Amino acid sequence: MLITDRSKEDFLPHLSKLSLFLLGAFSFGLGLSWFWGPLLQLSLLGMGLVVGLAILDVIVTPGKDVLRVRRVANAKLSLGDENEIGLEIENQRLQRVRGRITENAPPHLQLRNLSWAFSLGPGESQSFSWMLRPVERGEYVFETVSLKVNGLLGFSFRVFHLPLPQVLKVYPSYLQVRNYQLQTKRSNQAVLGKKQQKRYGEGREFESLREYTPDDEYRKINWKATARRGKPIVTQYRIERNQNVILLLDAGRMMRTKVDNMTKLDHAINAALMLAYICVYKEDNVGLMVFNSKIDTFLPPRRGKAQLNLINEILYKVKIEFAEPNYAEAFHYLKRKVSRRSLVVLITDLIDERASQVLIHEFTRLYPQHLPLCITLKDLNVEKLALQVPESTQDMLEMGVAQLLMEERFKALRFLTQNGVLTLDTHPGQLTADAINKYLEIKARSLI
């Protein structure tokens, strides 16, 4: 956006540090004139000269119309990632212009030092950039940019507040998706920066025949082909496509806990978007359910980029409700809406066996119609307390409570596993990578 008018200028020009220093010196001379008379006239003459030069400086100093300012930023910002935002300033005057440009970021971001000095010759431009790592989804409203333009003589400066309105929306981390796309262009084996050996899996779709290698399992040997060719031959199967994956997001009160300045829900949303992309990339159908005390959103499983864009828009608007999640209603609703066997991925916060009795009881009932996968987010603070070396009675009490919570959590996860539910207990920072690897493992093992 270019701004050449409608800016707000400070009512009076400002005196520069040089002017203030000289006025201070001459004022000191006025005080000394009590002891030596000639200093009075010299001091008054000097002060008048400084004021006159400052007025002249204001007259010859370029105004706001000679500068063009533009903010450069994506309309969509990526949650939890470093997003680059830039300012470009151009001098349209036939004289050099010096000063400082300041980005007035939204107050709630509490950002400082977004200010840069510039020196522009005739027709020259300069660019400045900074990185914003948003930790909340929603709209970030930028309104003004401030310009301090130094006087050509160095005796004054003027300040302009340029209206540069722009609304930047923070979406779930699409940069992770973009990085994955770049990686897969370089290597089809790249997953989150880790190169993995290509796996055909144990699907039921025939892929090809090839010679046996020491790493192959004996049960993969195709004995008929081996007899025909006179050497060991194994059958490769293609991992199946067009399977159903349903992502369930718990948006209840426990997901509001913050880890690395982001709520657990936002960590889960980032992981869900990336997992949805991988499902689309693997040609599976992906659906989405967001629930808290009621069903917030249900999106039936479909394939394709349009489905991924729709999931992104839904996740952008998800809000936490300060209530307990209604697991029973969510799982019953899912069973009514989806009859085809699906991988049901629930991302939630499992506290202990008693607090999660409904989850444990209802989620296990999805099996064997569906393949349930429960992904739970660890509490780093609880782990830290459980592993601390106590130095006081209070420390011992805290450690005991933390260890009890971890033990009950382990029992709850074990109960889920014993009743046909796949589980993944991970830290929020590792959630995206671990969830993707778990999905790829399930695909490779043909469990769906």
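Out of L175, L182, I need the residue that is hydrophobic (A, V, I, L, M, F, W, C), modelled with pLDDT under 70 and not in a strand (DSSP E or B). Which one? It would help to see each step written out before you state the result.
Numbers: L175 fails: modelled with pLDDT under 70.
Answer to the check: L182.
Quick one: is L405 under 21 Å from R256 (Cβ atoms), touching a residue at least 24 places away in the same chain (Cβ under 8 Å) and in the same structural domain as L334 (by TED's automatic domain parsing)? Let's see the steps before the verdict.
On the way: under 21 Å from R256 (Cβ atoms): yes; touching a residue at least 24 places away in the same chain (Cβ under 8 Å): yes; in the same structural domain as L334 (by TED's automatic domain parsing): yes.
Here the answer is yes, as L405 does meet what is asked.
Evaluate region 381-399: report whether one residue or more is under 25 Å from A251 (Cα atoms), of a type in the set (G, A, S) and out of contact with any Gly (no Cβ under 9 Å at 6 or more places or on another chain). Let's see the steps before the verdict.
Taking region 381-399 and keeping what is under 25 Å from A251 (Cα atoms), we get 381-383.
Right, trim to of a type in the set (G, A, S) and you get none.
Scanning region 381-399, I find no residue that is under 25 Å from A251 (Cα atoms), of a type in the set (G, A, S) and out of contact with any Gly (no Cβ under 9 Å at 6 or more places or on another chain), so the answer is no.
Out of region 373-389, which residues are over 16 Å from A435 (Cα atoms) and in contact (Cβ under 8 Å) with a residue 60 or more places away in the chain?
Here is the first cut: in region 373-389, the ones over 16 Å from A435 (Cα atoms) are 379-389.
The answer is D379, L380.
Among S78, S127, S156, which is touching an Asp or Glu at 6+ places or on another chain (Cβ under 7 Å), of a type in the set (S, T, N, Q) and within 30 Å of N179 (Cβ to Cβ)?
On the way: S78 fails: touching an Asp or Glu at 6+ places or on another chain (Cβ under 7 Å); S156 fails: within 30 Å of N179 (Cβ to Cβ).
Of S78, S127, S156, the one residue that is touching an Asp or Glu at 6+ places or on another chain (Cβ under 7 Å), of a type in the set (S, T, N, Q) and within 30 Å of N179 (Cβ to Cβ) is S127.
Would you pick out the residues in region 124-143 that are of a type outside the set (F, W, Y) and crowded, with 17+ Cβ neighbours inside 10 Å?
Just the residues of region 124-143 that are of a type outside the set (F, W, Y), to begin with: 124-127, 129, 131-139, 141, 143.
Across region 124-143, the qualifying residues are L132, P134, R137.
Quick check on region 42-75: of everything there that is surrounded by fewer than 16 Cβ atoms within 10 Å (Cβ to Cβ) and closer than 30 Å to R178 by Cβ, which residue is modelled with the highest pLDDT?
Among residues in region 42-75 that are surrounded by fewer than 16 Cβ atoms within 10 Å (Cβ to Cβ) and closer than 30 Å to R178 by Cβ, the one modelled with the highest pLDDT is V72.
Being surrounded by 13 or more Cβ atoms within 10 Å (Cβ to Cβ), aliphatic (A, V, I, L, M) and over 25 Å from the mean Cα position of the chain (by Cα) is the filter; apply it to region 81-114 and report the residue that is farthest from K169 (Cα to Cα).
It comes out as V97.
Going through region 395-427 one residue at a time, which ones are at pLDDT 90 or above and closer than 15 Å to D379 by Cα?
L424, D425, T426, H427
Just one of E88, E84 is more than 19 Å from H161 (Cβ to Cβ), modelled with pLDDT of 80 or more, among the charged types (D, E, K, R) and not in a helix (DSSP H, G or I); which is it? Step through it out loud before you land on a result.
Working: E88 fails: more than 19 Å from H161 (Cβ to Cβ).
Among E88, E84, only E84 is more than 19 Å from H161 (Cβ to Cβ), modelled with pLDDT of 80 or more, among the charged types (D, E, K, R) and not in a helix (DSSP H, G or I).
I'd like the residue in region 216-237 that is in a helix (DSSP H, G or I) and of a type in the set (A, V, I, L, M) and, out of all such residues, is surrounded by the fewest Cβ atoms within 10 Å (Cβ to Cβ).
Among them, the one singled out is A227.
Yes or no: region 434-446 includes at least one residue that is in contact (Cβ under 8 Å) with a residue 40 or more places away in the chain and not in a helix (DSSP H, G or I).
yes
Note down all Cβ pairs under 7 Å where the first residue falls in region 200-217 and is at pLDDT 70 or above, the second is surrounded by 13 or more Cβ atoms within 10 Å (Cβ to Cβ) and hydroxyl-bearing (S, T, Y), and they're at least six residues apart or on different chains.
Pairs that qualify, where the first residue is at pLDDT 70 or above and the partner is surrounded by 13 or more Cβ atoms within 10 Å (Cβ to Cβ) and hydroxyl-bearing (S, T, Y), are L209/T235.
How many residues does region 340-372 hold that are in a loop (DSSP other than H, G, I, E, B) and either free of Cβ contacts under 8 Å to residues at least 12 places away in the same chain or β-branched (V, I, T) (or both)?
Here is the first cut: in region 340-372, the residues in a loop (DSSP other than H, G, I, E, B) are 340-341, 349-356, 365-370.
After this cut, where a residue has to be either free of Cβ contacts under 8 Å to residues at least 12 places away in the same chain or β-branched (V, I, T) (or both) as well, the list is 351, 355.
Count: 2.
Filter region 117-145 for residues that are part of a strand (DSSP E or B), more than 30 Å from M255 (Cα to Cα) and in contact (Cβ under 8 Å) with a residue 24 or more places away in the chain and give the result. Even if it seems obvious, please write down each step before you answer.
Quick first cut of region 117-145, residues part of a strand (DSSP E or B) only: 117-120, 125-132, 138-145.
Narrowing further to those that are more than 30 Å from M255 (Cα to Cα): 117-120, 125-130, 143-145.
Scanning region 117-145 gives F118, L120, S125, Q126, S127, F128, S129, W130, E143, T144, V145.
Please state which of the following conditions E391 fails to meet, knowing it meets all the rest: (1) surrounded by 17 or more Cβ atoms within 10 Å (Cβ to Cβ); (2) assigned to a loop (DSSP other than H, G, I, E, B).
The number of the failed condition is (1).
From the set of residues in region 239-266 that are assigned to a loop (DSSP other than H, G, I, E, B) and β-branched (V, I, T), which is farthest from K317 (Cα to Cα)?
So in region 239-266, the residues assigned to a loop (DSSP other than H, G, I, E, B) come out as 239-243, 251-252, 257, 260-261.
Now restrict to residues that are β-branched (V, I, T): 239, 257.
Details: I239: 34, T257: 18 Å.
Step by step, filter region 239-266, then rank; the result is I239.
Go through (1) part of a strand (DSSP E or B); (2) modelled with pLDDT of 90 or more and name the single condition K148 misses.
(2)
Could you please find all residues in region 267-300 being over 26 Å from K443 (Cα atoms) and not in a strand (DSSP E or B)?
N292, S293, K294
If you go through region 293-324, how many residues are surrounded by 15 or more Cβ atoms within 10 Å (Cβ to Cβ) and either over 25 Å from E136 (Cα atoms) or within 25 Å of the chain's Cα centre (by Cα) (or both)? Don't jump to the end; show me each part of the working.
Within region 293-324, the subset surrounded by 15 or more Cβ atoms within 10 Å (Cβ to Cβ) is 293, 295-299, 301-303, 307-308, 310-312, 314-316, 318, 320-321.
Narrowing further to those that are either over 25 Å from E136 (Cα atoms) or within 25 Å of the chain's Cα centre (by Cα) (or both): 296-299, 301-303, 307-308, 310-312, 314-316, 318, 320-321.
Summing the residues that are surrounded by 15 or more Cβ atoms within 10 Å (Cβ to Cβ) and either over 25 Å from E136 (Cα atoms) or within 25 Å of the chain's Cα centre (by Cα) (or both) in region 293-324 gives 18.
Residues in region 260-280: is at least one of a type in the set (S, T, Y), in the same structural domain as P372 (by TED's automatic domain parsing), touching a helix residue (DSSP H, G or I) at 6+ places or on another chain (Cβ under 7 Å) and modelled with pLDDT under 90?
Taking every residue of region 260-280 in turn, none turns out to be of a type in the set (S, T, Y), in the same structural domain as P372 (by TED's automatic domain parsing), touching a helix residue (DSSP H, G or I) at 6+ places or on another chain (Cβ under 7 Å) and modelled with pLDDT under 90.
The values are calculated or read from the model by the stated rules, or taken from the named source; none is laboratory data. Owing to the predicted nature of the structure, the values given are computational and were not obtained by experimental measurement. Methodologically, a virtual Cβ is constructed for each residue, glycine included, from the backbone with ideal geometry; neighbour enumeration extends over all protein chains shown.
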